[in-house]
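Visitor: Could you have a look at this structure, given as structure tokens, before my questions?
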């Protein structure tokens with residue numbers, strides 16, 4: 001008997017790896033218009049984890065991505081403001097997805113992106129004492145909207161065109177047996 | 001919502017407007033800070049000051065080409081005169097002199113920018129636009145370094161006859 005949990009865990013590991021790699025790759029490119037702004041492509045895989053294998057795996061992928069990504073990028077202190085912002089934004093996204101089915105994934109992604117930006121900037125200014133950085137927040141929120149739209153569209157297209165049988169297997173709660 | 005609902009749903013739903021309105025209001029509130037706290041256009045940008053770990057360690061005057069350093073930091077700041085008003089200022093931000101930020105000063109145009117740093121692989125500080133106006137700033141968060149304008153002097157507003 002093959003335990004579906006093992007399959008989900010493996011898939012979560014793959015998503016976490018791709019998320020970390022895309023985060024590091026993005027770090028090598030210049031920021032988008034504003035210092036500190038990124039497309040956030042790594043968030044595509046976090047949202048995918050939430051939609052395909054479950055909320056807990058989504059949180060796990062997010063946490064692993066932030067911690068390992070910060071370690072490899074050489075900016076360990078960014079964990080202090082990235083982790084709470086990411087957790088709060090993902091929680092709000094999951095609440096919007098689960099408690100109301102009337103919002104599209106793109107709108108949820110935009111909300112998550114903007115909230116993540118605002119919280120991250122606020123916590124950064126409070127922790128480092130560099131309140132001058134607040135002046136970038138309005139512009140960062142605009143790039144956050146753009147990033148949210150792109151991430152949302154990417155997730156929408158991936159889920160739309162991935163084979164249903166694959167997604168059903170990952171989403172199944174039952175154990176499956178080998179023949 | 002799970003993936004099956006997303007497969008059959010459209011990319012835009014009418015209730016998304018509520019979320020987009022919330023985002024729009026949030027952005028307007030954030031930008032309103034610039035309305036209530038506008039920059040002082042009458043300040044004269046005479047130079048810049050470097051603040052490291054909340055301590056002002058260095059100042060530079062564009063007109064006189066003079067600088068002042070904290071005595072404890074003389075070994076941590078290297079100034080290279082490139083001629084014609086251009087300077088490279090390398091600031092070591094840790095005790096072991098392994099972490100640095102390189103400032104490029106153009107005293108003719110009264111600008112300064114962070115040309116290089118080894119803070120992280122993204123080097124966000126090196127991509128900031130040069131500091132020219134009296135309300136610009138440069139920040140390197142990993143090194144806790146700030147470069148702020150040294151607004152000395154005050155130009156009176158132009159009045160009509």
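The values are calculated or read from the model by the stated rules, or taken from the named source; none is laboratory data. Predicted model, so just to flag it, every value in this text is computed and none were measured. Note that we place each Cβ from the backbone using ideal geometry, even for glycine, and neighbour counts take in every protein chain shown.
Visitor: Name the residue, out of B:126, B:46, that is under 17 Å from the mean Cα position of the chain (by Cα), surrounded by 13 or more Cβ atoms within 10 Å (Cβ to Cβ) and away from chain A (no Cβ under 14 Å).
Guide: Just one listed residue meets the conditions, B:46.
Visitor: Any chance you could count how many residues in the stretch A:92-130 are more than 17 Å from residue A:144 (Cβ to Cβ) and surrounded by fewer than 17 Cβ atoms within 10 Å (Cβ to Cβ)?
Guide: The number of residues fulfilling the criteria is 9.
Visitor: Let me ask you something else. Please determine, by comparing only the residues of the stretch A:88-104 that are within 12 Å of another protein chain (Cβ to nearest Cβ) and within 13 Å of the chain's Cα centre (by Cα), which one is farthest from residue B:11 (Cα to Cα).
Guide: Residue satisfying both the conditions and the ranking: A:92.
Visitor: From B:103, B:30, B:52, which residue is over 26 Å from residue A:142 (Cα atoms), within 14 Å of another protein chain (Cβ to nearest Cβ), within 23 Å of the chain's Cα centre (by Cα) and surrounded by 17 or more Cβ atoms within 10 Å (Cβ to Cβ)?
Guide: From the options B:103, B:30, B:52, the qualifying one is B:52.
Visitor: Report yes if some residue within the stretch A:136-158 is within 11 Å of chain B (Cβ to nearest Cβ), assigned to a helix (DSSP H, G or I) and at pLDDT below 85; otherwise report no.
Guide: So far as the stretch A:136-158 goes, yes, one or more of its residues are within 11 Å of chain B (Cβ to nearest Cβ), assigned to a helix (DSSP H, G or I) and at pLDDT below 85.
For every residue, the table says whether it meets (1) touching a strand residue (DSSP E or B) at 6+ places or on another chain (Cβ under 6 Å); (2) surrounded by 20 or more Cβ atoms within 10 Å (Cβ to Cβ); (3) more than 10 Å from chain B (Cβ to nearest Cβ); (4) farther than 30 Å from residue A:135 by Cα.
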| residue | (1), (2), (3), (4) |
| --- | --- |
| A:30 | no, no, no, no |
| A:36 | no, yes, no, no |
| A:42 | no, yes, yes, no |
| A:45 | no, yes, yes, yes |
| A:54 | no, no, no, yes |
| A:60 | no, no, yes, yes |
| A:69 | no, yes, yes, no |
| A:74 | no, no, no, no |
| A:86 | no, yes, yes, no |
